[in-house]
1. For chain B, what is the Kirkwood hydrodynamic radius in Å, using each pair of distinct C-alpha atoms?
2. Using modelled amide H (1.01 Å from N, peptide plane; none on Pro or chain starts), what sits under 5 Å from the amide H of B:GLY238, excluding residues fewer than 5 places away?
3. Note down the Stokes-Einstein diffusion coefficient of the range A:2-206 in µm²/s, whole number, using a Kirkwood radius over alpha carbon pairs, 4 °C, and 1.567 mPa s.
4. Determine one quarter of the surface area of the Cα convex hull of the range B:1-62, which equals its mean projected area, and express it in nm² to one decimal.
5. Determine the calculated [θ] at 222 nm for chain B from helices alone, applying -39500 (n - 2.57) to every DSSP H run no shorter than 4 residues and normalising by the residue count; nearest 500 deg cm²/dmol.
6. Which cross-chain or sequence-distant (5 or more) residues have an amide H under 5 Å from the amide H of B:TYR190, H modelled 1.01 Å from N in plane?
7. If I model a spin label as a point 7 Å beyond the Cα along the Cα-Cβ vector, how far apart are those points for B:ARG317 and B:HIS89 in nm?
8. For A:LEU6, go 7 angstrom from Cα along the Cα-to-Cβ vector, then report the distances to that same point in the other copies in nm, smallest first.
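No value in this document is a laboratory result; all are computed from the given coordinates. A quick note: this is a predicted structure, and the numbers were derived from the prediction, not measured. Cβ placement follows ideal geometry from the backbone for every residue including glycine, while neighbour counts extend to all protein chains displayed.
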There are 2 protein chains.
Amino acid sequence: MTLLDLEDLDHIALGATVLGTGGGGDPTLGKLMAQQAVRRHGPIQLVSLDEVADEAWLIPTAMMGAPTVLVEKIPSGTEVLDAFRMVEHHLHSRAFATLSIEAGGVNSMIPMLVAAHLGIPIIDADGMGRAFPEIQMVTPSLHGVSATPMAIGDEKGNRVLLETVDNFWTERLARTATVSLGCSTAVALYPMQARVAKKALLRGTLSLARRIGQTLHATAAHEPIEALLELLRGRRLGQGKITDVRRQTQQGFARGELDIRGTGPDAGVSFRLAFQNENLLFWREDQPQATVPDLITVVDEQSGRPVTTEGLQYGLRVAVLGFPSHAQWQTPAGLALVGPRAFGYEIDYVPLHAST
Amino acid sequence: MTLLDLEDLDHIALGATVLGTGGGGDPTLGKLMAQQAVRRHGPIQLVSLDEVADEAWLIPTAMMGAPTVLVEKIPSGTEVLDAFRMVEHHLHSRAFATLSIEAGGVNSMIPMLVAAHLGIPIIDADGMGRAFPEIQMVTPSLHGVSATPMAIGDEKGNRVLLETVDNFWTERLARTATVSLGCSTAVALYPMQARVAKKALLRGTLSLARRIGQTLHATAAHEPIEALLELLRGRRLGQGKITDVRRQTQQGFARGELDIRGTGPDAGVSFRLAFQNENLLFWREDQPQATVPDLITVVDEQSGRPVTTEGLQYGLRVAVLGFPSHAQWQTPAGLALVGPRAFGYEIDYVPLHAST
């Protein structure tokens, strides 16, 4: 067990934004809310799955919706507690801890808020090892874990509880409810006992995020990108200037594409990136270089700091980095759930290190 | 307490279709399901509100969605039991009885199915005295009763529980969930204790529906329309031939308008009717003759049998009848909730007997 203080939250939020591959929302607001909760209630216990009794209930928490909306529609901070309690009420059980179902941006911080407010631990694990745009896109789906009972809360006090026949129906119903409620909600979902979580979750995600944040802070003055590539065993996919961003908020998602004109070693090369909340595909001269589920992160060319999809804009000088995804995602079942075709692209997964 | 047999269900389904003012769906399928349940489980107890202890819980049940879809998407019969039990589970209470929240077509029969299956009574009351297209459009709304906890079930086994800040939010969330689930669902909503129901509900609706059905059967050979007008103290608004029907299924509603060319005493007169699941407005030569919340029912010119909005078609010879709505609907609060403006029409309520 480790105690997380204000600085740890800074590091985790930054590191989770790297893992978030542009998605999960800008963590700033979530971090400020979590830090305020820590100031009031004290540091948060970070607990590894091995420290938890098999029968203990864990309830992940998150924000759901288009990050472009989240920036303008400020959560009250109580809707996520409402959602958490609604699942507890439905289970007739108290949860031992909460956790991040996705490691991206704001969703690394929302469970911190819950943990601090309720005085419960947060588990050092997540369900993606990165961020993804849809509910069923988590490793628990590969282990037959149901997303429901799932609760949805909004800042007005509306609450919705779902019990569905599969996780695709959960996504469909939760998405339309979220759109109805203003495109951004708080959710509690995938409640599971630790016995199941020990197989179904990816371990150590928050510790890794903290290490990434620490690395970026420590190396701010010299070679931050190289340090990041070494820590995450990644590749530099390209660097250049953003020359066009095409985006739309559609059915509760922030979708878009952007063009990058290469600079430095990549001078004269054209790159293209497609995103749907998260960065999904990266092309060099129309050849796919990196594909989901591998991690594609856009960072500032100088500072190495990650740029979220809503921060992408014309003229920004960036490097695009690729990191290999967790081995669970590279199985046939994993690729069926989160490979390029799951997002409507007619191309196959290109393993990061096999690309040229 | 009265026992309802197969013939009573025939009469109530027919009478409720008259009160349904074209909405609530064709009751045939619901009636067949309810009659099958009565054959298996025995007659249903019809209980008046006065016979129920104040603290007893009552949970109304219904189908929700566009009736045009309901005809093709056959319910399994278990989704309404799922929804009913989900509300019970959430309340941590067993319900004493169910009831019709609306008196229209299929929604007079769905609670019969629940009552027969679960061996519980049905209450002789409803929340509209007719049918309306939206959840908040019930007399309990005028008494501050919440539609939630409300449960929604589909034929696949998906279930949604709502707890909302007001009944407009319930309508919005339940409607989008229903559209997501294929435009037709089963619901349990407005759970209330009998103490509240005694003020908030309209009494005697099922007895009245039965009397309407008996009247239409008994007078099938002679003057059925006159008998109906006498029983419900209504007016004949016009008669003629349907010359055009314009309809669309939009956001989970069956919306439309139709034109009638007058015949007999109305020869040469043009009539127009607007509906949105239910018949809402009736014009004679562009002058409103009857307006929601008063009841506007289209019946076959010969048999006096009601025609639902999905049965409206070119060439049909019909009479259009108007019946005064319950006094609760004619208050300022009632008209704000279900007057013409609540449906987006820029005209005021025209009391039925004040029109020319």
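1. The Cα-based Kirkwood calculation yields 19.9 Å.
2. HN-HN under 5 Å from B:GLY238: B:VAL320.
3. Numbers: Rh = 16.2 Å.
Estimated diffusion coefficient is 80 µm²/s.
4. Values: hull surface 20.0 nm².
Here the figure is 5.0 nm², rounded to one decimal.
5. -9500 deg cm²/dmol
6. Sorted by chain and number, the residues that satisfy this are B:THR148.
7. Taking the two extended label points, one gets 5.5 nm.
8. So the label point of A:LEU6 gives 7.8 nm to the other copies.
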